[in-house]
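Novice: I have a structure here, written as structure tokens, and I will follow up with some questions on it.
Quick note: the coordinates plus some simple rules give every number you see, no bench work behind them. Note that the structure is a prediction, hence the values are computed from the model and not measured. All Cβ positions, glycine included, derive from the backbone under ideal geometry; neighbour counts span all protein chains shown.
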């Protein structure tokens with residue numbers, strides 16, 4: 001009897017890494033890290049502002065690339081990115097870039 005192929009959700013094996021300067025006008029970047037999974041994995045990014053001393057994150061609309069240019073709206077917040085790996089079957093996993101960047105300054 002042939003067993004049906006059940007795809008595994010992508011799995012992050014090497015954590016994403018952030019780099020750059022949390023200063024208005026500068027670019028911060030994040031790597032995708034390393035992933036395993038079957039079938040092909042599509043990587044997407046989403047940047048967030050984090051309120052210092054809280055569990056509160058604010059999605060940064062349109063910030064969906066591996067690079068993000070820091071804006072005036074980011075001043076006083078920490079920045080971080082969530083990387084999502086999705087395979088062709090729709091299975092999804094998330095990886096969180098660490099550490100948070102900031103606080104953002106002018």
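Novice: With each label point set 7 Å from Cα along the Cα-Cβ vector, what nm distance links residue 72 and residue 15?
Specialist: 3.5
Novice: Let me know the whole percent of all Cα-Cα pairs from the chain that are separated by more than 20 Å.
Specialist: Tail of the P(r) past 20 Å holds 43 percent of the pairs.
Novice: Also: I want to check the label-to-label distance for residue 26 and residue 65. Put each point 7 Å from Cα in the C-beta direction and report it in nm to one decimal.
Specialist: Calculated label separation equals 1.9 nm.
Novice: Something else: Per 0.36 nm of contour for each residue apart, how much would the distance between residue 88 and residue 106 grow if the chain were fully extended, relative to their Cα-Cα spacing?
Specialist: Extending this stretch completely gives an extra 2.3 nm.
Novice: Tell me the relative contact order for the stretch 1-88 as a rounded percent, counting alpha carbon contacts under 8 Å between residues six or more apart.
Specialist: Computed value for the stretch 1-88: 34 percent relative contact order.
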